[in-house]
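> First the structure, which I've put down as structure tokens, then a few questions once you've had a look.
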Amino acid sequence: MKCTRCKAPASTALPSHNAAFCPDCFPLFFTKQVETAIRRQKMFTHDERILVALSGGKDSLALMLELSLQGYDVTGLHIDLAIPNSSPKARAKVEAFCQQHGLNLQVLEVAKEGLPIPAIKKHIKRPVCSVCGKIKRHYFNRIAREGGFDALATGHNLDDEAARLFANTLRWDSGYLSDQGPTLPGEEGFIRKVKPLYRLTEFETANYAFMKGIEIHSDPCPYSGGASFTGHKKLLGELEHKSPGSKFSFYDNFLKRGRPAFKLLEKEQGDPLSPCDTCGSPTSLDKCGVCRIRETLERNMKEAGESL
Amino acid sequence: MITVNIEPEGKSTTLYKTRTVIALLNKLDLRPTMALVIRNGELLTPDVKLFNGDVITVKKVISAG
Ligand code: SF4
Ligand SMILES: [Zn+2]
Ligand SMILES: [Zn+2]
């Protein structure tokens, strides 16, 4: 197979684009897709400051590198979850990567915030991943706002987004279907959230990562009970194989035709938000969810005769 | 005979009479856009021919989490 652009031997075949690229031309294709995403979805400009959530996975690192190569003002944010074995590895990977490429990085340690994930797993009677996700979203938003950033970027790719959409369509979750997308404008204490890789598949991101020397596999979190949406990703992968391009059109047509309809349906609902008494994050109660978790954790640990 | 290392599982297997990347992927029950196929540090497209003695790394791309 030859490169569609320069006729050199291809390294990457992309049936959905009816194209194949060599290692020199593939990154140009990748860059173009990210540029199109940023422009069409009005994500951010070169005058704005972008905070990039860095888990240490291939997608977040690829995103950070690509945005910096495009000349955007990016700062990475890694959240150290204090999970033995797994968190130190993820953190070391992110730190080494940012150092290698000369990228700005901030690290937030949840242990210093009174919220180490292992203690939460032990003492809070809720699925650890839902609390962990809540804590991560809380600090991404808070650090972005307190640091005066204009947008928070995450490494979600087309497979992530299409699988999530598929899951929510199976349940006809109109709340989700009315307000999800690659750009969520900032409002009422919430930073603008953007997903510049939403046009690129997991396969394309993996190819880019490989070419840029980013390890594509990370050690899974010991608390993850199998990846979410993996089954849906495989189903969509089969559909994509039979009908190349269907994954993107499923998602893109949702944005164009589905979402506006659900938006009309979804009445203004939910309680008005005001700043949390303790940390200032937006909440419908006096204290935000994360500050309440911190208090419950303190109380439960005290009762168990433990301390952080 | 072709040696195949499969990641992230870290499994190793040997295949016989497998002359192309697409044949290799079929034997592993993978679609072409579900894995990177690497020989000597280079990415291979599905049409590429394989040879006796090749050592191939297959990196599945669906991320866990
Ligand atoms: S899998 Fe681990 S890192 Fe991910 S949400 Fe669950 S506890 Fe947190
Ligand atoms: Zn080329
Ligand atoms: Zn709070």
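The values are calculated or read from the model by the stated rules, or taken from the named source; none is laboratory data. Being a predicted model, the structure only gives us computed values, none of them experimental. Don't worry about glycine lacking a Cβ; one is built from the backbone with ideal geometry, like all the others, and counts go over all protein chains shown. For accessibility, only protein heavy atoms count, side chains too; no ligands or nucleic acids. Shrake-Rupley method; radii C 1.70, N 1.55, O 1.52, S 1.80 Å.
> Quick check on this structure: which one of B:K11, B:K27 is more than 7 Å from every other protein chain (Cβ to nearest Cβ), open to solvent by 40 Å² or more (accessible area, probe 1.4 Å), under 10 Å from the mean Cα position of the chain (by Cα) and farther than 29 Å from A:P27 by Cβ?
Working: B:K11 fails: under 10 Å from the mean Cα position of the chain (by Cα).
Among B:K11, B:K27, only B:K27 is more than 7 Å from every other protein chain (Cβ to nearest Cβ), open to solvent by 40 Å² or more (accessible area, probe 1.4 Å), under 10 Å from the mean Cα position of the chain (by Cα) and farther than 29 Å from A:P27 by Cβ.
> Anything in segment A:186-244 that is polar (S, T, N, Q), at the interface with chain B (Cβ under 7 Å from one of its Cβ atoms) and part of a helix (DSSP H, G or I)? List them, or say none.
A:N207, A:T230
> Suppose we filter segment B:36-53 for residues that are out of contact with any Leu (no Cβ under 8 Å at 6 or more places or on another chain), away from chain A (no Cβ under 14 Å) and open to solvent by less than 20 Å² (accessible area, probe 1.4 Å); how many remain?
The qualifying residues number 0.
> Further, regarding this structure: Search segment A:288-308 for residues being over 25 Å from A:F190 (Cβ atoms) and part of a helix (DSSP H, G or I), and hand back the single one that is most open to solvent (accessible area, probe 1.4 Å).
This residue is A:K302.
> Quick one: which of B:T3, B:T33 is among the polar types (S, T, N, Q), more than 27 Å from A:L235 (Cα to Cα) and open to solvent by 20 Å² or more (accessible area, probe 1.4 Å)?
Details: B:T33 fails: more than 27 Å from A:L235 (Cα to Cα).
Matching residue, one of B:T3, B:T33: B:T3.
> Do any residues in segment A:1-14 that are near ligand 2 (Cβ under 7 Å from one of its atoms) have Cβ atoms under 8 Å from those of residues that are assigned to a strand (DSSP E or B), where the two are at least six apart or on different chains, and which pairs are they?
Correct list of pairs: A:C3/A:P9; A:C3/A:A20; A:C3/A:F21; A:R5/A:F21; A:A8/A:K2.
> Then there's this: More than 16 Å from ligand 2 (Cβ to nearest atom), surrounded by 15 or more Cβ atoms within 10 Å (Cβ to Cβ) and within 30 Å of B:A35 (Cβ to Cβ) - does that describe any residue in segment A:271-287?
no
> Also: Counting only residues that are within 16 Å of ligand 3 (Cβ to nearest atom) and aliphatic (A, V, I, L, M), how many does segment A:249-295 have?
So the count comes out to 4.
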